[in-house]
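Trainee: This is the structure I have questions about; it appears just below.
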């Protein structure tokens, strides 16, 4: 789980450097929602 988080932060950092802070913020928000969706689906799968 930690590896996914670190890879995501690396990706967001790269987007930030390549495309500027607005793209970096957008990528961070999208990845946060994605991360939350993964965790939520894991809990939903465990609770079934």
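Trainee: Helix-only mean residue ellipticity at 222 nm, the chain, DSSP H runs n ≥ 4 weighted -39,500 (n - 2.57), per residue, nearest 500. What is it?
Mentor: -33000 deg cm²/dmol
Trainee: Semi-axes of the equivalent ellipsoid of the chain: what are they in whole Å, largest first, if each equals the square root of 5 times a C-alpha gyration tensor eigenvalue?
Mentor: Over the Cα atoms of the chain, the semi-axes work out to 26, 11, 4 Å.
No lab work stands behind these numbers, since they all come straight from the coordinates. Just so we're clear, the structure is a prediction, and the values are computed from it rather than from any experiment.
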